[in-house]
Amino acid sequence: MNPVKIHNKLRIAMLAALAAAAPMYAQTNSTDALLNKLVQKGYLTDQEAKEIMAETTTTNLAVASKWRINEAIKNLQLFGDVRFRYEYRGADNVSGSGATGHTYYRERFRYAVRIGLKGDLYDDFYYGVRVETSANPRSPWVTFADDTAPTPSAKTSDGINIGQAYIGWHPTTWFDITVGKMPMPLYTTPMVWDADINPEGAVERFKLSLGPADVFGNFGQFVYQDTNPDHGLPSSDTFLLAWQVGASIKLAKDINFKIAPVVYNYTGIGSGGGDNSVFTGEGNGKGGNPNVTSAIVGGQTVSLNQNGINNLLILEVPAELNFKVCNYGARVFGDFAYNVEGGDRAQAAATAAKLPRAYGNDNKAWQAGVAFGNLGLVYGQTSKKNTWEARAYWQHVEQYALDVNLLDSDFFEGRANLEGVYAALAYGFTDSIIGTFRYGYAHRINENLGTGGSNPDLPGINPIQNYHLLQFDVTWRF
């Protein structure tokens, strides 16, 4: 046989094997593009390309009989994590004359699972879905053996819930829109938003490069509370609106600065009950239990509400400076928030609770911290063997500064009127296994006010005078 023909046959066989090995969903684009390029370069004739396509089509049919993927899906990515945790958290409200002494703590072993699929669709669309343990919007964690059933290893609290379900469209490089239950689309910090919250609604994002600066805008319309689901009109719902404009500026080779002010306002407040009720905090802060509906303040019985969203018009300004130190990533970061209507919120709370003073200046929050190492490892955003990250910050959240329903449920227990320190150290044992240690301590800022907010992790005490948190995590990330 002619050596040239033998060489061509071998070449065709090899190319057919490579093309057949490509993923099912990529066959239409990648195989055709590869064969067309080889024909253009003169490595294959049209007839040889047709022979390869015939062979790959046969292989595809065999694979398709086992696993079928809709033709609208351009690519598919499996992602998620499995986490295990030991945790200690405790609090007390022993705070001077007249206070009710009460200490509460929990030690527990926990786990969390999050598994999802995401990728691109054709015609510039993208998608994502994720399921996770726990129905708590601020935590996917489940505690071992806390089931109501008396039998060992029961499963009554081990449910699976929809954590993310969204679709997006990016027709150009400078604009995209996402609708559904989505990953956090804003640039923010845990001081304002718990990292586990996946807001529901829509967001429009813009970005533009101007010299050394990447300017961006994020505008969100998030459904906050549906107080009358049978009414059928969105105007009866409560919405949280976010208006953010920011920039990431390259100052030098390894130095970058990012800042992005955002304004939050609410619509539809007062259209129903629940969080639309007036925020009162915990009376005058002298003891009490969040499970009760009233307290004695100034000799009178008043109703309590830890979660009201009245009088919230918040300006948040998160920022960070990134640079290198001895080839390690370093970050100085911070966040500042100011409730423009904080004085009115304080007065409404004081009136509802019949307090002698409103404390209208307790309307600010701030955070300042540093991070060093493989930035993002503490939050599981990246992982690589033998890398590490150390992170610490100080946080101060006054009683009327923020929406207490969005605060991080770990640091510090999803409550306001607390300040303290957070520290964490993470290490990558492998490219996908991360070990993380976290510690938090906080104390009450204004002794005359409660620690507004609520969280099921410590349901037995409010207000909190001192708070302690210790966590050890092992995370498998994929």
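A straight line joining the Cα centroids of segment 298-366 and segment 403-478 runs 17 Å.
Its convex hull of Cα atoms gives segment 367-423 a direction-averaged projected area, equal to a quarter of the hull surface, of 4.2 nm².
Loop-located trypsin sites (Lys or Arg not before Pro) across segment 358-388 with a Cβ neighbour count of 10 or fewer within 10 Å are lacking, with loop assigned by DSSP. Highest mean first, the peptides 40-48, 141-149, 443-451, 218-226 sorted by other C-beta atoms within 10 Å per residue fall in the order 443-451, 218-226, 141-149, 40-48.
Mean projected area of the convex hull spanned by the Cα atoms of segment 379-478, taken over all viewing directions: 6.7 nm². Protein heavy-atom surface of segment 134-243, 1.4 angstrom probe: 64% of the accessible area is carbon and sulfur, with nucleic acids and ligands not counted.
Probing with 1.4 Å while keeping every protein chain in the model, the per residue accessible area of segment 371-448 equals 32 Å². Loop-resident GluC sites (Glu not before Pro) (DSSP state other than H, G, I, E or B) in segment 115-207 with no more than 12 further Cβ atoms inside 10 Å of their Cβ are absent.
Relative to the current alpha-carbon distance between residue 173 and residue 253, full extension at 0.36 nm per residue lengthens the span by 26.4 nm.
The values are calculated or read from the model by the stated rules, or taken from the named source; none is laboratory data. Since the structure is predicted, the reported quantities are computational estimates derived from the model, not experimental observations. No Cβ is skipped: glycine too gets one built from the backbone with ideal geometry, and neighbour counts run over all protein chains shown. To get the accessible areas, we keep the full protein, side chains included, count just its heavy atoms, and leave off ligands, DNA and RNA. Shrake-Rupley method; radii C 1.70, N 1.55, O 1.52, S 1.80 Å.
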